[in-house]
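The values are calculated or read from the model by the stated rules, or taken from the named source; none is laboratory data. Since this is a predicted model, take the numbers as computed values, not measurements. Quick reminder, even Gly has a Cβ in these numbers, built from the backbone with ideal geometry, and neighbours come from all protein chains shown. Heavy atoms of the whole protein, side chains included, go into the accessibility calculation; ligands, DNA and RNA do not. Shrake-Rupley method; radii C 1.70, N 1.55, O 1.52, S 1.80 Å.
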Amino acid sequence: MAFAISPCARLWTRFAPKPEERGQGTWTIGMDRVPFGPRAWEITFDATTPAELLRDVHAELLDLYVEDRHSDQNHLFEDATAPHEVYTPLLTHGWSHSVKTDGTQTFLPPDGLGGVRHRYATTGSDGPVWRAWGGYPSEPHWQARFSAGAPTTLAAAFTASLISTEPLHRAVKHIPFHTRRHLYVAPAGAPQPLNRPTPAIPPTGHTTGRTR
């Protein structure tokens, strides 16, 4: 799936299946300034990433696209959102915070099943600016990465979805075994508890395109 932002720039989402890997493939959102030129930025999600996370990032992406199309703004290339808007909601929900001298800071939830890492010192590094994962850090069930240049607004939409307490419908087989003891079961119509993921299902044909 692709959108033309200008006669040259292009925004797209695609799925690359990798059945030989644990994640079974990768969803990628990318922005190209010119056809076949260097990629301006990209966001990747393992196929096992909860569908709600991809949905909410794409919803925010569509809002930015529509706003840029109907104004003189250029949020998809020049996003002014501050990094603290990504991680402050995590802190207010009880996530821990640690800073390293390598230019990264890490945020972990109380149950330890997941995390968000922010590379705030970008000089001399080409790794992702934001990386998130679900499950234990040593063996994550899914990972998401936001490259340099990716709109910080999209990373903020991602973390807002990640900490959402809206109940979700899940079949037991879709919940990683080692996380099941952390679940809260909500009666139908209940206004709360904790969500755990369902993967984003890869497409069977043409591709179209928050973390729990």
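Some points to look at:
- Of all accessible heavy-atom area on region 32-153, the percent that carbon and sulfur account for (1.4 Å): 53
- Residues whose amide H comes within less than 5 Å of that of residue 41, counting only those at least five positions distant or on another chain, are 31 (H built at 1.01 Å from N in the peptide plane).
- Using a simple spin-label model with pseudo-atoms 7 Å out from Cα toward Cβ, residue 51 and residue 12 lie 2.5 nm apart.
- Listed values for region 152-167 are Karplus-derived 3J(HN,Hα) couplings in whole Hz (6.51 cos²θ - 1.76 cosθ + 1.60, θ = phi - 60°), namely 4, 4, 6, 5, 5, 5, 5, 5, 4, 5, 4, 9, 4, 10, 5, x, and x replaces Gly and Pro.
- Given +1 at the Cβ of Lys and Arg, -1 at the Cβ of Asp and Glu and no other charges, the dipole of region 48-183 around its Cα centre is 780 debye to the nearest 20.
- On a per residue basis, the convex hull of the C-alpha atoms belonging to region 85-183 measures out at 112 Å³.
- With a Förster radius of 30 Å applied to the beta-carbon distance between residue 120 and residue 24, the computed FRET efficiency rounds to 0.40.
- Distant-in-sequence amide contacts of residue 141, defined by a placed amide H-H separation under 5 Å and a gap of 5 or more residues or a different chain, comprise 134, 135, 136.
- The GluC sites (Glu not before Pro) of region 67-106 that meet both conditions, a loop assignment by DSSP and at most 11 other Cβ atoms within 10 Å of the site Cβ, are 78.
- With the simple spin-label model, which puts each label point 7 Å out from Cα in the Cβ direction, the residue 72 to residue 172 separation comes to 6.1 nm.
- For region 61-114, pairs of C-alpha atoms spaced more than 14 angstrom apart make up 66 percent of the total.
- The residues of region 18-79 expose, per residue, 53 Å² of accessible area to a 1.4 Å probe.
- Neighbourhood charge, 9 Å Cβ-Cβ cut-off, centred on residue 39 and excluding it, Lys, Arg +1 and Asp, Glu -1: -1
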